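What follows draws every value from the coordinates through simple rules; no lab data is involved. All of these numbers come straight from a predicted model, not from anything done at the bench. We place every Cβ from the backbone using ideal geometry, glycine too, and count neighbours over all the protein chains shown.
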Amino acid sequence: MLILLPPSEGKTAPRRGKPLDLAGLSSPSLTATRTTVLAALTTLCRDDPEQAAVVLGLAAGQRDLVGRNAGLESAPTARADAIYTGVLYETLGLATLSPAARRRATARVAVTSSLFGIVRPGDRIPAYRLSGDASLPGTGSVAGAWREVLGAAVRDAVGTGLLVDLRSGTYAAFWRPEPDLARRVATVRVLHESGGRRTVVSHFNKATKGRIVRALLEDGANPGTPKALAAALTRLGWTVEVGEPTAKGTQLDVVVTDV
């Protein structure tokens, strides 16, 4: 099983650590594209800070992130599971998993990244700012840069197992599973039920996904099909409704009534 997470916009910048080594990251087939995107981002931020702030969608109080991006090639790095923050990662709590669950996370979790394609929890990366809907001079859209190469890397990572795709819509555009893989793809939608109505609420969605991943890693469940994943989540206490298989995978609706 491979659990594919979205990144977080907020990141914790390490104070010290080795500089970035692209060749040392997992999924080495992505090194060439990583090099291209990194060069485009750092060059923009170094040579045209004002335009960089526009491209990156930064508010006036966030301009320091342009300078941070300009120095990414020599910036200190830390494990990816210490870099990404936000609701999903706080509730997942990778650092507080049991030793066995942390070993499972190393093998079963990957994070989609605008800058690196996908990274594993143990990959050492710097804190960066680059949204999935950005477009870089000379490179074009970030999603387009990854679309041609990410599929092979994800296929290699998932092997013959189940892909649990928890990406948001922006990062789903980086790569969509081919029909032959779709039968082994499960997407998860979190619905908040209140007063007989069901809605999608961002905070509930992110928090619940973090708890789901944590529970799966601690439990050790390794389902091979979407229906088996639904059964495992039901056993772990969630209310799950299974959709019909489609060309893009099978959607599981997880229904929650509180955060």
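So here's what we get for this one:
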item: Intensity falloff of the chain expressed as log10 I(q)/I(0), Debye formula with alpha-carbon point scatterers, at q = 0.07, 0.08, 0.11, 0.16 Å⁻¹; result: -0.24, -0.32, -0.60, -1.23
item: Alpha carbon centroid spacing (whole Å) that separates the stretch 19-71 from the stretch 222-236; result: 38
item: For the stretch 1-79, projected area of the alpha-carbon convex hull averaged over all directions, nm²; result: 6.3
item: Per-peptide average of other Cβ atoms within 10 Å, ordering 126-139, 105-118 highest first; result: 105-118, 126-139
item: Sum of -39500 (n - 2.57) over DSSP H runs of 4+, divided by residues of the chain (222 nm, nearest 500); result: -11000 deg cm²/dmol
item: Hydrodynamic radius (Kirkwood) for the stretch 44-179, which is based on Cα pairs only, to one decimal in Å; result: 16.4
item: For the stretch 132-259, the fraction of alpha-carbon pairs in successive 5 Å shells from zero, as %; result: 2, 10, 18, 20, 19, 15, 9, 5, 2, 0, 0
item: The stretch 35-111 - Rg and Dmax from Cα coordinates, angstrom; result: 16.2, 47
item: Segments 57-69, 201-213 sorted - mean Cβ within 10 Å per residue, highest first; result: 201-213, 57-69
item: Between 0 and 90°, nearest 10: helix 99-108 axis offset from the chain longest Cα axis; result: 70
item: FRET efficiency, Q62 to E90 (Cβ-Cβ, R0 25 Å, nearest 0.05); result: 0.75
item: T36 paired with T246, simple spin-label distance in nm, labels 7 Å along Cα-to-beta-carbon; result: 3.0
